[in-house]
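Written out below as structure tokens is the structure these notes cover.
The values are calculated or read from the model by the stated rules, or taken from the named source; none is laboratory data. The shown structure was predicted, so the numbers you read here are calculated from the model rather than taken from an experiment. Here Cβ is always computed from backbone atoms with ideal geometry, including for glycine, and neighbour counts include all displayed protein chains.
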Amino acid sequence: MKQSQLVHKNETLYFGLLVAASVLTVVLGIVFTIASLGIFLWVIGSILALSLFTHWLQIGYIRTNGVKVTERQFADLYQTYQRVGQEMGIRLLPDVYILQAGGVLNAFATRFFQKNMVILYSDVVELSRDGYTKEVEFVIAHELAHIRRNHVQKQWAMMLGGWIPFLGSAYSRACEFTCDRMAAHHIQDQAASKRALTILAIGGKLAKEVSEFDYLYEASRENGFIAKLSELLSTHPPLPKRIAAIATNAGETNVPVFKTAGYVKGSIIGTIVLSVIVNVAIVAWLFTSDGLTGFSEGFGSLDAMAEEPIQELAYNAATYEEFEALLADGADVNTQDLYGDTPLHNLLYNEGVDIDTVGLLLENGADVSLENEDGMTPAELAADSGQPTGIIELIQSYE
């Protein structure tokens, strides 16, 4: 069977939609970046950088704490994944690490720069010591299928499309179905494939006691809103659904069918539509109002405030000579910062203000009628901040 026949019907569709949404996000991002004078790009860049840094930390933990599978370390496991990888047509096999996870039965594939990695939790590897050789091979083949399908690399191409509700997780679930199919096709043992997933649900010791039909039947009855919403938000399909999919693909009959109630479908569709409408409305508001303009102007004002040397001198209660030199160079004595304060206002916030420096600003045209955002003139601010009477009277003499 060709690999294309094993790919879940929705994987390619969802991937295309996510890429399209990512491209749209990039286009809008360029517009927002221009409109916000680069602030939008800085915000998005910071979020992406933080995500990448967190991923690197995870990789660092795995590489420094996990046990790498080699020809000398877990040689049987090494030979298995080498054989499986070659049979699946993977030219550059990933490094495999074993990591203890407190009894969790799981595995995952990831990537560090150009190097793929597969991480097997220790309890999965221990299953091979309990006779579940084929089941462990299924898990390995499943993770190698992610590598074969380039699922990890594709995440970067579509990560900006995650604003569409449930689409990213739907794509991830479709990928899981694909990898289950590829793994089951590889090991050519449907019973072991289904048992491997059952083990992930209940553990190796109890899996032998599970009635597969009853397990799937009871799970298929959980079709209410909360159960469906939980599934839609998850990156992995429910294990019973994965088992049923393998059974159905193998041509088995009498497999319980997983259906979604009509009212649940309507609720989910309504949630998606509402979310899209809200997102579109936000974008429309940014374009049709001064949302972006005000946003950028706010940062622009902060920059302007920081770039005015005379304001810096006022904040720090600089000396008479420093003010004199700056005023001689043409500094604007009436420039206002984000809060409407002039250099004279900001000077009066300090204690021990030099009256001669106040006089210098006044002689150079400081406008004593200008009010800050609190509606206070320099004279009112001087009185409010407890400045000496002489300074207050000096300012009032220029009114």
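Just checking: which of the helices (runs of 4 or more DSSP H) contained wholly in the stretch 52-155 hold 1 or more residues that are among the aromatic types (Phe, Trp, Tyr) and buried (at least 21 other Cβ atoms within 10 Å of the Cβ)? Give the derivation first.
Values: elements: 75-87, 122-129, 133-148.
Fully inside the stretch 52-155 and qualifying: 75-87, 133-148.
Regarding residue 184, is this residue aliphatic (A, V, I, L, M), part of a helix (DSSP H, G or I) and touching a residue at least 40 places away in the same chain (Cβ under 8 Å)?
Judged against the criteria, residue 184 is a match.
Residues are listed down the side, and each one gets a yes or a no for (1) outside the structural domain of residue 384 (by TED's automatic domain parsing); (2) in contact with a helix residue (DSSP H, G or I) (Cβ under 7 Å, 6 or more places away or on another chain); (3) closer than 21 Å to residue 383 by Cβ; (4) among the polar types (S, T, N, Q):
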residue: 312; (1), (2), (3), (4): no, no, no, no
residue: 315; (1), (2), (3), (4): no, yes, yes, no
residue: 321; (1), (2), (3), (4): no, no, no, no
residue: 334; (1), (2), (3), (4): no, no, yes, yes
residue: 338; (1), (2), (3), (4): no, yes, no, no
residue: 341; (1), (2), (3), (4): no, no, yes, no
residue: 347; (1), (2), (3), (4): no, yes, yes, no
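Hey, can you tell me all the residues within the stretch 219-234 that are part of a helix (DSSP H, G or I) and out of contact with any Pro (no Cβ under 8 Å at 6 or more places or on another chain)?
Going through the stretch 219-234, the residues part of a helix (DSSP H, G or I) turn out to be 219-220, 225-233.
Answer for the stretch 219-234, where residues must be part of a helix (DSSP H, G or I) and out of contact with any Pro (no Cβ under 8 Å at 6 or more places or on another chain): 225, 226, 227, 228, 229, 230, 232, 233.
Which count do you get for residues in the stretch 339-369 that are crowded, with 17+ Cβ neighbours inside 10 Å, among the hydroxyl-bearing types (Ser, Thr, Tyr) and under 14 Å from residue 312 (Cβ atoms)?
1
Can you tell me which condition residue 316 does not meet? The list is (1) within 42 Å of the chain's Cα centre (by Cα); (2) surrounded by 15 or more Cβ atoms within 10 Å (Cβ to Cβ); (3) over 16 Å from residue 373 (Cα atoms), and all the others hold.
Every listed condition holds for residue 316 apart from (2).
Of the residues that make up the stretch 203-216, is at least one of a type in the set (A, V, I, L, M) and surrounded by fewer than 18 Cβ atoms within 10 Å (Cβ to Cβ)?
yes
Results for (1) part of a loop (DSSP other than H, G, I, E, B); (2) modelled with pLDDT under 90; (3) hydrophobic (A, V, I, L, M, F, W, C), shown as yes or no for each residue.
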| position | (1), (2), (3) |
| --- | --- |
| 334 | yes, no, no |
| 338 | yes, yes, yes |
| 357 | no, no, no |
| 360 | no, no, yes |
| 369 | yes, no, no |
| 376 | yes, no, yes |
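Can you report the number of residues in the stretch 86-133 which are touching a Pro at 6+ places or on another chain (Cβ under 8 Å) and within 19 Å of residue 180 (Cβ to Cβ)? Break it down into steps so the answer makes sense when it comes.
Looking only at the stretch 86-133, we keep the residues that are touching a Pro at 6+ places or on another chain (Cβ under 8 Å), and these are 109, 115-118.
Next cut, within 19 Å of residue 180 (Cβ to Cβ) only: 109, 118.
Result for the stretch 86-133: 2.
Of all the residues that make up the stretch 144-160, how many are within 22 Å of residue 106 (Cα to Cα) and small (Gly, Ala, Ser)?
Residues in the stretch 144-160 being within 22 Å of residue 106 (Cα to Cα) and small (Gly, Ala, Ser): 1 in total.
Which of (1) assigned to a helix (DSSP H, G or I); (2) without any contact (Cβ under 8 Å) to a residue 12 or more places away in the chain does residue 251 not meet, given it meets every other one?
All conditions pass for residue 251, except number (1).
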